1. Just one of (1) 0.94; (2) 0.97; (3) 1.31 is Rg/Rh (Cα atoms, Kirkwood Rh) calculated from these coordinates, so which is it?
2. Give me, ordered by chain and number, the residues 5 or more places off T216 or on other chains with an amide H under 5 Å from its own placed amide H.
3. Could you go through the stretch 57-68 in sequence order and give the Karplus-derived ³J(HN,Hα) for each residue, using 6.51 cos²θ - 1.76 cosθ + 1.60 with θ = phi - 60°, rounded to whole Hz, and x for Gly and Pro?
4. Would you pull out the residues with amide H under 5 Å of E78's amide H, same chain only if 5 or more places away, H placed 1.01 Å from N?
5. Just how far, in whole angstrom, is the stretch 8-62 from the stretch 179-223 if you go by their alpha carbon centroids?
6. Grab the beta carbon distance between M131 and S38, set R0 = 25 Å, and tell me the FRET efficiency rounded to 0.05.
7. Say each of E238 and D296 gets a label point 7 Å from the Cα, pointing the same way as Cα to Cβ; how far apart are those two points in nm?
8. Determine, for the chain, the count of lysine pairs separated by eight or more sequence positions (or lying on different chains) whose alpha-carbon distance falls under 20 Å.
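Taken together, the values in this text are just the output of simple stated rules run on the coordinates, not laboratory data. It should be emphasised that the depicted structure is a prediction, and the values quoted were computed from it without experimental measurement. Heads up, the Cβs are rebuilt from the backbone with ideal geometry, glycines too, and the neighbour counts pull from every protein chain shown.
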Amino acid sequence: MALAIHGGAGTISRSSMTADLEREYRNGLEAALRAGWSILEDRGSAIEAVEAAVVSLEDFPLFNAGRGSVFTHEGTNEMDAAIMDGSALKAGAVAFVRNVKNPIKLARLVMQRTEHVLLAADGANKFATEMNVEHAPDEYFFTEHRWQQLQDAIAAGRVQLDHTQAETRPVGSVTRGQETSLGTVGAVACDSEGRLAAATSTGGMTNKKFGRVGDTPIIGAGNYADGTCAVSCTGHGEYFMLGVTAYDVAARMKYKGLSLDDAASETIEHLTSIGGEGGLIAVDSLGNIVLPFNSDGMYRGFISGQSEFRVDIYKG
């Protein structure tokens, strides 16, 4: 059995991270690991474990998903999520959902209760209502540091990705330099029967316009699982879509005969070569875990077998 999670990748430096904030991030990652691992320990399925881990991350306000989602240019929260069961080769995803407390739960319902893979915007929100998915008011999704990110982005005239240098500073302290940071949350798991699953959720980009959708709800781009491996990505979504990054790991394993480690390394090298920044987490059917990234840091954690929870933020 194995479980890995991520909470976004990007420019994450020790010098700009306060001790209290770092402790909060680590606690949030560990809570998500515990939520997923408790299911695997009880011989639950990989799909249940990744959903539980991502729900925990969505409920944690410092990560860009669920409650901690960033704001669009209009000052709203629009969320995307995807989940995939590798053993059944089934997936569900949602885009542009509003006021859904846990978008990953809605994505799983798309997989289980419809003949579709991806629902978006008004249709996805209507489906959420029909399924009695738990909703929350706008106030639930409001966090001061996300609102400040939007004001900074509007003032600077840019659309920005998550995990900015400003985010790792005290609330109210803002940097106006070029944005170099990325965000999303995700989980991958291998259960006691060797079944694989992946789940990914995001609040998108701060100050986004024009109905932009990133890689998270696109199966094969930001999220993928089959009988070979399970992958969840975080980074600049446009490049992950161009590289079909999540599926690229599985393809290199299947068609080149590579190990999970080598396949993931080659995939990140390819992502880098096309100008992309970010990382991924992946697990194979033997319970091997990899967490490669080409950015300065990635919020991440993992556990396998009888090992202890391992949580990391910085490179190295």
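1. (1)
2. Here nothing satisfies the definition.
3. Whole-Hz 3J(HN,Hα) from phi for the stretch 57-68: 5, 5, 7, 8, x, 8, 9, 7, 5, x, 4, x.
4. T72
5. 14
6. Rounded to the nearest 0.05, the efficiency is 0.50.
7. 2.2
8. Number of lysine pairs found: 4.
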